[in-house]
Amino acid sequence: MSDEIDLLLDLDRQPAAAPEEPKRIDLAAQDEAARADPALFERVAEEPPFARGVLTTPLHLNVAVESRTNLWTHWNGYTTPDVLTNLEDEYRALRHAAALSDVSPLVKYRITGADAAAYLARLVTGTLVSLSVNEIAPVVLCEDRGFVVGDGTLFRLGDSEYRLVTEERHLAWLLDSSIGMRVRVEDVTATLAALSLQGPLSASVLAEAGFSGIEALRPYTARWFDAAGMPVYVSRTGNSGDLGYELWIDPEDAPALWIRLLEKGAPFSLAAGGFALRELARVEAGLPRAGVDYLGAFAAVDPANASTPFELGFASQVDLESGHFTGRDALRAGRLTPPRHILAALAIDWHEPLRFSAIRGAGGIVGLATSIAFSPSLGLNLALATLKPSAIAADAGLYVEAEIRRELDLSLLKAPARIVSGPALALPARHLVPAPITFGL
């Protein structure tokens with residue numbers, strides 16, 4: 001015991017050790033180690049089809065915060081909101097203020113390489129000679145028989161870099177068409193987020209959010225903006241038939257941009273919208289949707305159900321006098337042949353929402369409604385319908401039959417229908433340059 005006490009006393013008598021000097025930090029070495037790995041910005045490896053049962057967009061959680069209905073639907077395999085609050089309020093924002101929605105499920109392809117321009121010229125039915133960098137063109141893709149594979153928008157991002165945005169996936173066909181050419185086709189749907197901001201005050205919202213000079217952007221053009229340090233590629237495109245923009249951004253930055261737009265847009269009565277609003281606006285604008293209003297050439301089991309560009313109203317996007325493109329010879333040979341069916345826009349003169357499918361004439365059923373919607377702006381039911389040519393020629397005596405339920409009573413309504421030339425709802429702000437900017441709301 002005494003030995004232990006002596007040992008403790010000896011330790012107490014020893015001088016205290018001098019404090020260690022702090023280690024010097026090599027800031028230059030840390031900066032070098034912190035440099036971003038370029039591989040972080042490359043496309044991530046694709047998951048096998050069975051790896052994930054439910055696909056969500058980079059904005060899924062942000063959009064879910066805005067949901068008051070818990071109504072969801074699927075779009076190209078992604079879970080997307082159908083209605084966030086109620087369709088009437090979302091529509092009111094779209095037509096009188098601005099509506100923000102997540103359109104990341106749109107299929108996006110990056111096309112690059114020395115032969116990218118020649119490759120695309122061989123695929124699309126119109127000429128691309130005049131398409132400059134940061135310009136956009138609506139395009140139609142056909143196969144050898146002249147039937148439409150799909151339609152979409154084509155962005156020219158650089159001298160040999162393009163982005164093709166479509167409603168349905170066509171990667172296998174695009175890759176097959178690239179054989180023998182110096183071109184690379186990549187599906188970048190999962191690695192590129194997209195937001196749609198549509199409505200008469202959409203330019204005002206973007207200007208307030210820091211997109212300086214947005215009002216000078218012309219329809220079907222695009223440019224890069226810096227929004228609070230986030231690079232955003234903004235195009236003056238959309239399917240609302242009104243002034244509108246689509247914003248293309250890195251998935252990691254998308255949630256911050258969504259929050260910023262909602263905050264800056266609050267004084268302008270900006271509202272978030274769902275898929276049902278997008279569909280309503282599309283029908284008002286008279287825009288067909290692949291897989292709904294027509295079947296792509298490879299989706300139609302029976303060739304009689306496939307369509308040519310002329311049967312779908314895409315004649316303005318076909319240039320039979322330009323260089324060779326896939327399906328040109330078939331379209332040339334068949335341009336004098338009467339169409340088998342025609343996709344047309346209809347207005348149904350009834351001032352309450354109706355549900356119907358068949359379009360009838362004097363001789364019975366003459367067509368099928370593929371998309372229907374009630375337009376609050378027009379107070380009419382609208383439809384996109386595939387009609388027999390005889391119904392187009394007659395343009396009279398068309399009607400629809402719909403069941404009307406009022407409490408416990410059920411009745412059959414016969415409502416007259418008429419063919420609409422062009423968009424049912426055409427708003428002049430869609431083409432204005434500069435776009436209207438409103439401050440001080």
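The chymotrypsin sites (Phe, Trp or Tyr not before Pro) of the range 269-353 that meet both conditions, a loop assignment by DSSP and at most 15 other Cβ atoms within 10 Å of the site Cβ, are F298. Taking every C-alpha pair closer than 8 Å and separated by at least 6 residues, the mean separation divided by the residue count of the chain gives a relative contact order of 16 percent. Can you give the % of DSSP beta bridges in the chain that are antiparallel, to the nearest 5? Taking every DSSP beta bridge with both residues in the chain, the antiparallel ones total about 95 percent.
Considering only protein heavy atoms and a 1.4 Å probe, what is the carbon-and-sulfur percentage of the accessible area of the chain? If you can, show how the numbers build up before the last one.
On the way: 12460 of 22710 Å².
Roughly 55 percent, rounded to a whole number.
Accessible area per residue for the chain, computed on protein heavy atoms with a 1.4 Å probe, is 51 Å².
Just checking my list (1) 27, 58, 14, 0; (2) 25, 56, 19, 1; (3) 22, 50, 18, 5, 4, 1, 0 against P(r) over Cα pairs in 20 Å bins from 0, in percent computed from this structure; which label fits? Looking at P(r) over Cα pairs in 20 Å bins from 0, in percent for this model, the match is (3).
The values are calculated or read from the model by the stated rules, or taken from the named source; none is laboratory data. Only a predicted model underlies this, so the values are computations on that prediction, with no experimental measurement involved. Using ideal geometry, Cβ is built from the backbone for each residue, glycine included, and neighbour counts are taken over all protein chains shown. When the accessible area is computed, the model is the full protein with side chains, heavy atoms only, and any ligands, DNA or RNA have been set aside. Shrake-Rupley method; radii C 1.70, N 1.55, O 1.52, S 1.80 Å.
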